[in-house]
Amino acid sequence: MSGVTVGIAAWGLVTGVAMAKSGMGMLLAVLMSLTVFAGSAQLATLPLIASGAPLWVVWGTALCVNLRFVIFSATWRPYLMHMPRSRRLWVAYFTADMNTVMFMKRFPEPRPAPEQWPYFWGMSLTNWAGWQGASLAGIFLSTSIPADWGLAFAGTLALFGLICSLLVSRSTWVTAAVSAGAAVAAYALPFKLNIVVSIAAAVSAGLLLDSSAKWYRERRS
Amino acid sequence: MNTVDGLVAVLGLVVITVVTRGFFLFSDRQMAMPRWLERGLRHAPLAALVAVVAPEVLLTQGQLLETWRDPRLFALAAATLWYAWRRTMLGVIVTGVTVMFALRQGLGW
């Protein structure tokens with residue numbers, strides 16, 4: 001538990017520094033930290049915001065990064081459906097990566113039980129406090145950290161670690177390779193459209209590979 | 001970016017957090033997700049993350065790297081080794097930042 005919170009706090013610190021260095025201003029950075037509460041989407045959109053990308057590209061990127069939560073929300077359904085809608089959505093706001101994974105490990109049986117909620121809130125509020133404390137510290141400390149230490153690169157490294165953890169099969173490697181190639185090759189496009197091009201190309205390639213692998217398996221059996 | 005644009009951007013991001021995390025919890029009725037959509041959703045986060053990270057690492061002022069003596073490459077290589085060894089996120093960040101700092105301050109890259 002504490003190990004997880006330390007990891008989340010480090011990630012929050014990095015995000016706080018990245019927000020402060022993006023030139024969005026202290027006040028907006030604090031607001032973003034306290035309300036958006038989605039570290040990887042924040043880190044992914046900061047370079048786009050800093051370079052003046054159009055809003056729809058910023059939002060489209062955040063949406064894609066957050067699509068994993070859509071899948072998570074389907075797994076949360078059986079645990080939450082006995083609650084009224086407003087309560088469900090309130091819980092959902094706090095379902096980040098780590099507490100979803102840990103909750104599903106602790107309660108693999110997909111049905112509601114009263115002992116689930118003390119566990120959920122204890123873990124989620126601890127992580128929330130760790131994240132926000134570190135993120136705000138990052139925002140306020142960043143001015144006293146010299147730029148030539150290269151700490152701005154920490155945000156990229158955090159995303160890189162996340163990418164490593166998502167590379168679990170051959171088709172995910174193809175998705176990553178296509179996305180990297182397309183994002184670099186199409187970099188000259190205006191409005192950061194290279195991001196959009198590369199997501200479209202990479203998701204198509206991943207889906208194509210998945211379905212051709214399935215087709216191949218069916219032919220063999 | 002001016003303050004109003006920034007505010008609108010942040011408010012949009014809040015909506016995206018709420019909508020994605022609550023997506024299948026809004027409706028009272030059970031909704032089935034088509035298989036192809038579920039598979040597509042699994043690839044999208046990885047694609048978006050790589051799309052943002054790759055140019056940050058491989059390009060300088062919009063041009064492909066011309067030298068291998070770039071601290072970013074060494075920081076990433078060290079971070080990759082750490083990940084292969086220990087698989088912890090915190091270690092990936094700390095290793096990469098340490099190598100970056102050493103090359104910048106020590107060798108003046």
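How many residues does segment A:73-102 hold that are at the interface with another protein chain (Cβ under 7 Å from one of its Cβ atoms) and under 13 Å from the mean Cα position of the chain (by Cα)?
1
Only one residue in B:Val18, B:Val57, B:Val99, B:Val53 is among the hydrophobic types (A, V, I, L, M, F, W, C) and touching a Pro at 6+ places or on another chain (Cβ under 9 Å). Which one?
B:Val99
Filter segment A:4-23 for residues that are surrounded by 22 or more Cβ atoms within 10 Å (Cβ to Cβ) and polar (S, T, N, Q) and give the result.
A:Thr15, A:Ser22
Looking at this structure, is A:Ser33 touching a Pro at 6+ places or on another chain (Cβ under 9 Å), hydroxyl-bearing (Ser, Thr, Tyr) and touching a residue at least 24 places away in the same chain (Cβ under 8 Å)?
It is false that A:Ser33 is touching a Pro at 6+ places or on another chain (Cβ under 9 Å), hydroxyl-bearing (Ser, Thr, Tyr) and touching a residue at least 24 places away in the same chain (Cβ under 8 Å).
Report, by residue number, each residue of segment B:44-88 that is acidic (Asp, Glu), free of Cβ contacts under 8 Å to residues at least 24 places away in the same chain and more than 7 Å from every other protein chain (Cβ to nearest Cβ).
B:Glu66
Can you pull out the residues in segment A:98-127 that are at pLDDT 90 or above, buried (at least 19 other Cβ atoms within 10 Å of the Cβ) and not hydroxyl-bearing (Ser, Thr, Tyr)?
A:Phe103, A:Phe120, A:Met123, A:Asn127
Taking segment A:53-62 as the search range and keeping residues that are surrounded by fewer than 22 Cβ atoms within 10 Å (Cβ to Cβ) and facing chain B (nearest Cβ under 7 Å), which one is nearest to A:Ala96 (Cα to Cα)?
A:Trp59
Mind checking whether some residue in segment B:20-35 is more than 7 Å from chain A (Cβ to nearest Cβ) and under 23 Å from A:Leu43 (Cα atoms)?
No, every residue in segment B:20-35 fails to be more than 7 Å from chain A (Cβ to nearest Cβ) and under 23 Å from A:Leu43 (Cα atoms).
Is it the case that segment A:42-62 has a residue that's in the same structural domain as A:Met24 (by TED's automatic domain parsing) and on the phi > 0 side of the Ramachandran plot?
yes
Within segment A:159-171, which residues are more than 27 Å from B:Val97 (Cβ to Cβ) and more than 8 Å from chain B (Cβ to nearest Cβ)?
Hits for segment A:159-171 are A:Ser169, A:Arg170.
Residue by residue, here is whether (1) closer than 22 Å to A:Ala177 by Cβ; (2) in contact with a helix residue (DSSP H, G or I) (Cβ under 9 Å, 6 or more places away or on another chain); (3) at pLDDT below 90; (4) acidic (Asp, Glu) holds:
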position: B:Leu13; (1), (2), (3), (4): no, yes, no, no
position: B:Ile16; (1), (2), (3), (4): no, yes, no, no
position: B:Thr20; (1), (2), (3), (4): no, yes, no, no
position: B:Gln30; (1), (2), (3), (4): no, yes, yes, no
position: B:Arg35; (1), (2), (3), (4): no, no, yes, no
position: B:Leu41; (1), (2), (3), (4): yes, yes, yes, no
position: B:Ala51; (1), (2), (3), (4): yes, yes, no, no
position: B:Leu58; (1), (2), (3), (4): yes, yes, no, no
position: B:Leu65; (1), (2), (3), (4): yes, yes, yes, no
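Restricting the search to segment A:172-203, which residues are more than 9 Å from every other protein chain (Cβ to nearest Cβ), closer than 18 Å to A:Val58 by Cα and without any contact (Cβ under 8 Å) to a residue 24 or more places away in the chain?
A:Ala186, A:Leu189, A:Pro190 - these are the residues of segment A:172-203 that are more than 9 Å from every other protein chain (Cβ to nearest Cβ), closer than 18 Å to A:Val58 by Cα and without any contact (Cβ under 8 Å) to a residue 24 or more places away in the chain.
For (1) in a helix (DSSP H, G or I); (2) at positive phi; (3) not hydrophobic (A, V, I, L, M, F, W, C), each residue gets a yes or a no:
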position	(1), (2), (3)
A:Thr75	yes, no, yes
A:Met83	no, no, no
A:Arg87	yes, no, yes
A:Trp90	yes, no, no
A:Arg111	no, no, yes
A:Asn127	yes, no, yes
A:Asp148	yes, no, yes
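Working only within segment A:155-179, note down all residues that are over 18 Å from the mean Cα position of the chain (by Cα) and either within 30 Å of A:Ala134 (Cβ to Cβ) or modelled with pLDDT of 90 or more (or both).
A:Trp173, A:Val174, A:Ala177, A:Val178
Among A:Thr172, A:Thr95, A:Thr156, which is in a loop (DSSP other than H, G, I, E, B) and surrounded by 14 or more Cβ atoms within 10 Å (Cβ to Cβ)?
A:Thr95
Please indicate, with yes or no, whether at least one residue in segment A:35-45 is surrounded by fewer than 18 Cβ atoms within 10 Å (Cβ to Cβ) and more than 13 Å from the chain's Cα centre (by Cα).
yes
The values are calculated or read from the model by the stated rules, or taken from the named source; none is laboratory data. Keep in mind that what you see is a predicted model, and the values were worked out from it rather than measured. Note that each Cβ is placed from the backbone with ideal geometry, even for glycine, and that neighbours are counted across all protein chains shown.
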